[in-house]
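Participant: Please see the structure below; I have some questions.
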Amino acid sequence: MTFAHRHLLGIEQLKPDDILAILDLAETYVDLNRKSDKHSDVLSGLTQINMFFENSTRTQASFELAGMRLGADVMNMSMQASSIKKGETLIDTAMTLNAMHPDLLVVRHPHSGAVDLLAQKVNCAVLNAGDGRHEHPTQALLDALTIRRAKGRLHRLNIAICGDIAHSRVARSNIMLLGKLENRLRLIGPPTLMPAQIGEFGVEVYEDMSEGLKDVDVVMMLRLQKERMDGGFIPSEREYYHRYGLDAAKLSLAKPDAIVMHPGPMNRGVEIDGTLADDINRSVIQDQVEMGVAVRMAAMELLARNQVARRMA
Ligand code: ASP
């Protein structure tokens, strides 16, 4: 298994074989995580620092648990409450942490491109845990693993990504990943929530849910990212739910065995009906959370191996 990358900054830099290497290794961690003894020592002796400059619940918990299960020393820095408030620049913060010799830095930042910048300044492997509207690579990888396990394959599927595409790093990373593996992608949402460069994505675009959902295998819903909106993108949440919220009636247009996904956190009754989100016959939302830990363990193992090999060279 080869994975010739120093960092995991985005899906954009990965080849299909890199993606499959992470997913295949992650399968072994799905098995480990279902045992009562979930411990491995592949990161034993290594230090992982999680730096979250933006709020996170599941991603931070998932990375933390992933590192602990692999035997790393894991430290969480809540950057909201720390020295950036005192005016320190991102680079100064990075250089300070770098001097403590971490092996893996997991970074979330509200600005697109900030994680790439930081990766250029430090000696360790950097994993992007979400930067602005740019990328969220581990989310796309865990989504891919969830789809592959539910559908038995990860190519030639009809996949609809619905809702607030414009503000979503999850959508960008997924469009790239699923496109690289030759799936047919449809983006569904109001024109106000479609990115300006939509033509470059090589996808079909629909404004109408009932047209876009026809015969799809996978329905991926996105949260309305109100924190990234600075104006009237939608008339009202009620109206939005009526036109774009996924409920059983709209889902009935998809294939009968279509699965429902959502990266979380969910706005129930805004982009998705709460009962449908909880329906374990259709919704794989909890599987996505489970796959997240396994995918992060796999990505960290592959990067740590390269990191150790580089130091010995
Ligand atoms: N948790 C995902 C993210 O950080 C999706 C979301 O926030 O809506 O991008």
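The values are calculated or read from the model by the stated rules, or taken from the named source; none is laboratory data. As the structure is a prediction and not an experimental result, all values here were calculated from the model. Virtual Cβ from ideal backbone geometry, glycine too; neighbours counted across all protein chains shown. Keep in mind that these areas ignore ligands, DNA and RNA; they rest on the heavy atoms of the full protein, side chains included. Shrake-Rupley method; radii C 1.70, N 1.55, O 1.52, S 1.80 Å.
Participant: Mind listing P(r) for the chain? All alpha-carbon pairs, 20 Å bins, whole percents.
Facilitator: Bin by bin from 0 Å, the calculated values are 34, 57, 10.
Participant: Within segment 175-197, what residues put their amide N at less than 20 Å from the label point 7 Å along the Cα-to-Cβ vector of LYS214?
Facilitator: 184-191
Participant: Highest mean first, how do 156-164, 39-47, 212-220 rank when packing is the count of other Cβ atoms within 10 Å averaged over residues? Each step should come with its number before you reach the end.
Facilitator: Numbers: 156-164: 23.1, 39-47: 15.0, 212-220: 21.4.
Highest to lowest by the protection proxy: 156-164, 212-220, 39-47.
Participant: Something else: Could you list the residues of segment 36-61 with an amide nitrogen less than 12 Å from a label point located 7 Å from the Cα of VAL289 in the Cα-to-C-beta direction?
Facilitator: The answer is 57-59, 61.
Participant: Would you mind telling me which residue in PRO190, PRO235, PRO256 has the biggest mean-square fluctuation in a Gaussian network model of the chain, where springs connect alpha carbons within a distance under 10 angstrom?
Facilitator: In this elastic network of the chain, the residue with the biggest mean-square fluctuation among PRO190, PRO235, PRO256 is PRO235.
Participant: In nanometres, what is the gap between the two model label sites at GLU204 and LYS15, each 7 Å from Cα along Cα-to-Cβ?
Facilitator: In this crude label model, GLU204 to LYS15 measures out at 3.1 nm.
Participant: I want the antiparallel fraction of DSSP beta bridges within segment 81-226, as a percent rounded to 5.
Facilitator: On the way: 1 of 18 bridges.
Counting DSSP beta bridges with both partners in segment 81-226, the antiparallel share is about 5 percent.
Participant: Now, a different point. Would you mind counting up the charge near LEU117? Only other residues with Cβ under 13 Å from its Cβ, with Lys and Arg at +1 and Asp and Glu at -1.
Facilitator: Details: positive: LYS121; negative: ASP92, ASP116, ASP131.
Surrounding charge for LEU117 is -2.
Participant: Zone of LEU253 (label point 7 Å along Cα→Cβ, backbone N under 16 Å): which residues in segment 167-204?
Facilitator: What the label zone holds, given the 16 Å backbone N cut-off, is 186-191, 204.
Participant: How long is the gain from GLU227 to SER36 if the chain were fully straight, where each residue apart is worth 0.36 nm and the alpha carbon distance is subtracted? Could the numbers behind the result be given before it?
Facilitator: Numbers: separation 191, 0.36 × 191 = 68.76 nm, distance 3.92 nm.
That pair, GLU227 and SER36, stretches by 64.8 nm at full extension.
Participant: Using a probe of 1.4 angstrom, how much of the accessible area of the chain is carbon and sulfur, in percent? It would help to have the intermediate numbers written out before the result.
Facilitator: On the way: 6810 of 13530 Å².
Carbon with sulfur: 50 percent of the solvent-accessible area.
Participant: Also, quick follow-up: Between segment 3-35 and segment 145-217, what is the C-alpha centre distance in whole Å?
Facilitator: Each part reduced to its Cα centre gives a spacing of 21 Å.
Participant: Answer rounded, prolate or oblate for segment 1-80, using the Cα gyration tensor with square roots of eigenvalues a ≥ b ≥ c: rounded when a/c is under 1.5, else prolate when a/b is larger than b/c, else oblate.
Facilitator: Numbers: a/c = 1.72, a/b = 1.11, b/c = 1.55.
It is oblate, given that a/c is not under 1.5 and a/b is not larger than b/c.
Participant: Do any of LYS35/LYS121; LYS35/LYS255; LYS15/LYS121; LYS151/LYS226; LYS38/LYS226; LYS35/LYS226 go past 28 Å between their Cα atoms, and which? Don't skip to the end; give the middle numbers.
Facilitator: Details: LYS35/LYS121 39 Å; LYS35/LYS255 34 Å; LYS15/LYS121 25 Å; LYS151/LYS226 32 Å; LYS38/LYS226 37 Å; LYS35/LYS226 39 Å.
Table pairs above 28 Å Cα-Cα are LYS35/LYS121; LYS35/LYS255; LYS151/LYS226; LYS38/LYS226; LYS35/LYS226.
Participant: Would you calculate a helix-derived [θ] at 222 nm for the chain, using -39,500 (n - 2.57) for each DSSP H run of n ≥ 4 and dividing by the full residue count, to the nearest 500? Walk me through the numbers on the way to the answer.
Facilitator: Working: 11 runs with 120 residues, N = 313.
Calculated at 222 nm, the ellipticity per residue is -11500 deg cm²/dmol.
Participant: Using 1/(1 + (r/R0)^6) with R0 = 25 angstrom and r between the beta carbons of ASP73 and SER112, what's the FRET efficiency to the nearest 0.05?
Facilitator: Values: r = 30 Å, r/R0 = 1.21.
It comes to 0.25.
Participant: For the chain, build the charge dipole from Cβ charges (+1 Lys, Arg; -1 Asp, Glu) around the Cα centre, then report which of THR138, GLY67, GLY232 sits farthest towards its positive end.
Facilitator: Farthest towards the positive pole: GLY67.
Participant: What does the net charge come to around ASN50 if you take all other residues with beta carbon closer than 14 Å to its beta carbon, with K and R at +1 and D and E at -1? If you can, show how the numbers build up before the last one.
Facilitator: Working: positive: ARG58, ARG108, ARG296; negative: GLU54, GLU64, ASP73, ASP103.
Residues near ASN50 contribute -1 overall.
Participant: Provide the percentage of antiparallel DSSP beta bridges, counting only those with both residues in the chain; round to the nearest 5.
Facilitator: Working: 1 of 36 bridges.
That works out to approximately 5 percent antiparallel.
Participant: Same structure, new question: Looking at ILE165, LEU154, ILE175, which one has the Cα that reaches farthest to the positive end of the dipole of segment 126-229 (charges on Cβ: Lys, Arg +1; Asp, Glu -1)?
Facilitator: Going by the charge dipole, the pick is LEU154.
Participant: Here is a follow-up. Relative contact order for segment 223-313: what percent, with Cα pairs under 8 Å and sequence separation of 6 or more?
Facilitator: Working: 55 pairs, mean separation 26.6, N = 91.
RCO, segment 223-313: 29 percent.
Participant: Now, a different point. With a Förster radius of 30 Å, plug the Cβ-Cβ distance of ALA196 and ARG153 into 1/(1 + (r/R0)^6) and report the FRET value to the nearest 0.05.
Facilitator: Plugging the Cβ-Cβ distance into 1/(1 + (r/R0)^6) gives 0.35.
Participant: Taking 0.36 nm per residue of separation and subtracting the Cα-Cα distance, what length does fully extending ARG311 through ARG243 add?
Facilitator: Numbers: separation 68, 0.36 × 68 = 24.48 nm, distance 5.45 nm.
Stretched out fully, the ARG311 to ARG243 stretch lengthens by 19.0 nm.
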